[in-house]
1. What is the diffusion coefficient of the stretch 189-276 in µm²/s, taking the Kirkwood radius over Cα pairs and the Stokes-Einstein relation at 37 °C with a viscosity of 0.692 mPa s?
2. Place the peptides 185-196, 48-59 in order of packing, highest mean first, counting for every residue the other Cβ atoms within 10 Å and averaging per peptide.
3. What dipole magnitude, in Debye to the nearest 20, does the chain give about its Cα centre under +1 on Lys/Arg Cβ and -1 on Asp/Glu Cβ?
4. Cβ under 11 Å from Tyr127's Cβ, Tyr127 left aside: what net charge do those residues give with Lys, Arg +1 and Asp, Glu -1?
5. With θ set to phi - 60° and the Karplus curve 6.51 cos²θ - 1.76 cosθ + 1.60, what are the ³J(HN,Hα) couplings of the stretch 248-254 in order, to the nearest whole Hz, using x for Gly and Pro?
6. For a quick check: with amide H placed at 1.01 Å from N, whose amide H comes under 5 Å from Leu8's, ignoring anything fewer than 5 positions away on the same chain?
7. Could you tally the net charge around Val149, taking each other residue with its Cβ under 12 Å from the Cβ of Val149, Lys/Arg +1 and Asp/Glu -1?
8. Cross-link list Lys152/Lys295; Lys121/Lys291; Lys152/Lys284: which exceed 32 angstrom alpha carbon to alpha carbon?
Amino acid sequence: MRIGPYELTSLREDMPILTLAPMAGVGNWVFRLICARLGARLVGVEFINCRSIGTASRKSLQMLDFSDAQIYADTGISLLAAQIYGNDIDLIANGAREFERRGAQIVDINFGCSVPKIVAKGCGAAYLRDLDRLYAAVRSTVEAVSVPVIVKTRIGWDEDDINIIEVVARCADAGAKAVAIHARTVVQKYRGQADWSWIGRAVAATELPIIGNGDVLDLDDARRMVDETGCAAVMVGRAAMANPWIFSGRAGAPLRERIDLALEQLRLMAEYKGERVGVLETRKHLALYFKSLPKTSELRRRLLTTASLDELATLLAEWRHPETVEDADLTLSQSEAATLAWSGNG
Ligand SMILES: Cc1cc2nc3c(=O)[nH]c(=O)nc-3n(C[C@H](O)[C@H](O)[C@H](O)COP(=O)(O)O)c2cc1C
């Protein structure tokens with residue numbers, strides 16, 4: 001897949017190009033790096049309001065920390081796509097300029113957020129109801145930056161107003177270099193099933209690379225999405241929160257590896273955001289790593305209720321102990337085991 005000057009390839013021939021979806025509260029510096037290291041070819045950032053970019057609050061400065069992009073540039077393992085949203089086209093363009101100054105390799109405009117509070121202000125998916133405004137936002141952003149601009153959106157407002165084909169055409173005319181499509185309508189939010197057929201129709205109607213998104217739970221789904229739609233890459237959101245190993249082509253990882261990753265993520269987050277915030281923001285996420293494993297409900301319960309970094313590290317280290325691992329009889333599910341064998345644990 002080509003996005004402006006960048007050529008993206010899949011990690012392995014038998015895998016599609018996988019990307020980490022932009023996710024608020026999830027796509028922080030540490031998790032992005034983890035996913036990139038595991039094989040995500042492009043990592044999304046938590047979306048950033050164009051109005052918060054000029055403020056010097058610690059939170060917004062941290063959200064604007066794209067220093068991991070330099071690591072991706074040095075190693076070539078991934079690309080960082082920083083996402084902006086807002087209702088003021090000039091502020092979006094200015095914000096994009098700031099993203100570029102801070103190292104983002106790609107600017108992503110959010111036209112897909114369906115949260116009522118955001119849509120009511122004319123941000124996110126509200127643009128799907130005014131394609132001239134959508135065009136103007138993409139155009140002025142493309143003119144403001146030298147890095148490629150991409151768009152993330154939904155298939156339309158509701159089932160009677162599915163306009164993704166026109167949206168993609170307007171994005172292409174305005175100079176966007178790719179469009180990521182979450183194959184649900186705005187009204188659907190996260191209900192029902194993503195309708196991938198619209199991804200296929202968009203692919204057929206445009207020269208732009210289309211990144212397919214919605215309900216990809218594992219590698220088989222990702223392959224199926226490419227087979228059924230012809231999309232250039234597959235964007236993974238919720239499934240990656242519990243299983244970032246998906247990016248290396250695996251259905252999961254054995255308990256010890258999950259614990260090692262959890263410990264690393266926790267320590268980095270505490271270092272990065274300070275112990276209190278780092279632990280609070282991470283422990284819920286870490287609990288997801290153990291959800292698919294049997295006999296880990298006690299570990300998850302304690303993860304969710306422990307506030308100190310030291311205690312959490314001790315807890316995880318205890319669970320890593322060979323006897324605990326044996327006692328817990330942590331057999332992988334059949335599909336996990338099959339994928340691990342197939343991917344040579346790599
Ligand atoms: C916790 C969470 C936060 C999200 N935040 C964003 C966001 O900031 N920007 C965006 O474009 N989409 C956001 N999304 C939507 C995802 O990028 C993705 O489109 C959606 O989850 C469907 O993909 P999935 O089925 O692989 O999860 C978010 C989704 C979740 C679950």
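1. On the way: Rh = 15.0 Å.
Answer, rounded: 219 µm²/s.
2. By packing density, highest mean first, the sequence is 185-196, 48-59.
3. Numbers: 41 positive and 44 negative charges, 157 e Å.
Using Cβ point charges on Lys, Arg, Asp and Glu, the chain gives about 760 debye.
4. Values: positive: Arg129, Arg133, Arg154, Arg170; negative: Asp130, Asp132.
Once all neighbours under 11 Å are counted, the net charge is +2.
5. 9, x, 10, 7, x, 8, x
6. Amide H neighbours of Leu8, under 5 Å, 5+ apart: Arg2, Ile3.
7. Numbers: positive: Arg97, Arg139, Lys152, Lys177; negative: Glu100, Asp108, Glu143.
Net charge in that neighbourhood comes out at +1.
8. Working: Lys152/Lys295 38 Å; Lys121/Lys291 37 Å; Lys152/Lys284 26 Å.
Long pairs (Cα-Cα over 32 Å): Lys152/Lys295; Lys121/Lys291.
Values in this text are rule-based calculations from the coordinates and carry no lab data. From a predicted model like this one, the values you see are computed outputs, not experimental measurements. Don't worry about glycine lacking a Cβ; one is built from the backbone with ideal geometry, like all the others, and counts go over all protein chains shown.
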